[in-house]
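Visitor: The following block contains the structure, expressed as structure tokens.
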Amino acid sequence: MESDAAVVKRVLNGEVEAFSILVERYFDHYVRFAVHLVGNREDAEEVVQDTFLRAYRALGRYEERERFGAWLLRILVNRARTVSAMGRRREKLFPDQADAVLPETAQAHPEERAALREEMARALDQLGRDQREAFLLHYVEGLSYEEIAAVTGSGISALKMRVKRSCERLREILQGVNRV
Amino acid sequence: MLITELRAPVAVDPASKCRLMDLIREASAPAAPPVRLVPNRSRALAAIRRMRGDAPRTSSASTLATAAGIALVMLVGLQDRVDTGAVRSRRAVVIGDSVASVASAIRDTLRIVQFMLTAPAASRVALAGDFNGWDPREIEMARDSRDGRWAVTLALAPGRHSYAYVVDDTQWVRDPAGMAAEPNDLAPPRSVIVVTR
């Protein structure tokens, strides 16, 4: 598979259509992440679309020593913060929007999953922005603390504390459910 | 189990990706990175010696930086200051002429622009704009401890640039002395500078 850096070089050399390779690689994944971050699908898609546009315009600044996905994620987190700071309301994903963020094939126990989704959104909504970011980046995106530090600009020890506290807080909120 | 649910893939409408690619095709080509210029006393003195003919001239970015630093010192007392409560600003200034004698080769492609904001209570101020993908951490401004003024100097291509200051990593403020950009629901407050050739 062609590396992200090689695709970026093609785009910078004038092959605009090559950018669609990067869109295909990251768009869906980052919409999922943004939904959890900003709390509703509409804002999430807008944030991701804006992220790709900004990344395209700033592509000349991308440096190969950094993973393209991490660079893109940094722009996304900044955009999500801006949207949140503007007071966009985190909306419950249920019941209408929840199915849109879950795969259609995974409907083995619809009632249980619906309940779980509701618990999940409620719990994430109760975390502060920084804790929610750190939790999602570490446990859902699987980033190392070093990578999260590069994305968020926060120190590693502070991030470890945020993740620890977010887990504690989620356990409190989901008390009795024990699914974290 | 919660983590598994959070990792579940998303069903995205393929049309949204098509719309994005349409926007990409309509967008201007990716911009070349701006040259970061950090005025430095020793380098400025070296540049003065070079400009006097004491040493061979070069057209490197570092030379450009020192020239910008010199021009900045010469012009800084001439600008109008605007007070807006806690945050004050000087208009972003294009400093082009002093550079010409040092780096004539790039004179026509880049102009030197100084950005300044007075924010005495801030612990960190950065500049973000369309020239750096609105990255709020990349272009840190340097603080003058005497008066709480923050400044950074960039080389920008001629054209219209949007920018904003990011105070303490979270507060986006437009340049109080600059021209306000058109409001946008999704974008933070920002200003516009038109860099002429």
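Visitor: With the structure loaded, tell me whether B:ARG111 is at pLDDT below 80, crowded, with 20+ Cβ neighbours inside 10 Å and of a type in the set (D, E, K, R) or whether it fails that test.
Guide: Answer is yes for this residue.
Visitor: Can you confirm whether segment A:157-168 contains a residue that is surrounded by fewer than 19 Cβ atoms within 10 Å (Cβ to Cβ), under 19 Å from the mean Cα position of the chain (by Cα), modelled with pLDDT under 85 and more than 29 Å from A:LEU22 (Cα to Cα)?
Guide: Within segment A:157-168, none of the residues are surrounded by fewer than 19 Cβ atoms within 10 Å (Cβ to Cβ), under 19 Å from the mean Cα position of the chain (by Cα), modelled with pLDDT under 85 and more than 29 Å from A:LEU22 (Cα to Cα).
Visitor: Which condition number in (1) under 12 Å from the mean Cα position of the chain (by Cα); (2) without any contact (Cβ under 8 Å) to a residue 60 or more places away in the chain is the one that A:LEU22 fails?
Guide: For A:LEU22, the failing item is (1).
Visitor: Which condition number does A:LEU102 fail, the rest of (1) surrounded by fewer than 19 Cβ atoms within 10 Å (Cβ to Cβ); (2) modelled with pLDDT under 80 being met?
Guide: If we test A:LEU102 against (1) surrounded by fewer than 19 Cβ atoms within 10 Å (Cβ to Cβ); (2) modelled with pLDDT under 80, just (1) comes out false.
Visitor: Which residues, counting only those in segment B:112-129, are without any contact (Cβ under 8 Å) to a residue 40 or more places away in the chain, aliphatic (A, V, I, L, M) and in a loop (DSSP other than H, G, I, E, B)?
Guide: Residue satisfying the conditions is B:ALA121 alone.
Visitor: Now for a separate question. All but one of (1) modelled with pLDDT of 85 or more; (2) surrounded by 15 or more Cβ atoms within 10 Å (Cβ to Cβ) hold for B:ARG90; which doesn't?
Guide: For B:ARG90, the failing item is (1).
Visitor: Go through segment B:130-149 and report how many residues are within 12 Å of the chain's Cα centre (by Cα) and without any contact (Cβ under 8 Å) to a residue 60 or more places away in the chain.
Guide: 8
Visitor: I've got another one for you. For segment B:143-157, give me each residue that is over 16 Å from B:ALA177 (Cα atoms), surrounded by 14 or more Cβ atoms within 10 Å (Cβ to Cβ) and of a type outside the set (Ser, Thr, Tyr).
Guide: Answer for segment B:143-157, where residues must be over 16 Å from B:ALA177 (Cα atoms), surrounded by 14 or more Cβ atoms within 10 Å (Cβ to Cβ) and of a type outside the set (Ser, Thr, Tyr): B:ARG143, B:GLY148, B:LEU154, B:ALA155, B:LEU156, B:ALA157.
Visitor: Against the definition (farther than 14 Å from B:LEU23 by Cβ, within 11 Å of chain B (Cβ to nearest Cβ), at pLDDT 90 or above and buried (at least 23 other Cβ atoms within 10 Å of the Cβ)), how does A:TYR26 come out, yes or no?
Guide: When the stated conditions are applied, A:TYR26 does not pass them.
Visitor: Please find, among A:VAL31, A:VAL38, A:VAL48, the residue that is under 20 Å from B:SER16 (Cα atoms) and facing chain B (nearest Cβ under 7 Å).
Guide: Just one listed residue meets the conditions, A:VAL31.
Visitor: On to the next question. Applying the selection to segment A:38-80, what residues are under 11 Å from the mean Cα position of the chain (by Cα) and part of a loop (DSSP other than H, G, I, E, B)?
Guide: Matches in segment A:38-80: A:GLY39 only.
The values are calculated or read from the model by the stated rules, or taken from the named source; none is laboratory data. Fair warning: this is a prediction, and the values are worked out from it, not measured in the lab. Here the Cβ is made from the backbone with ideal geometry for all residues, glycine too, and neighbour counts use every protein chain on show.
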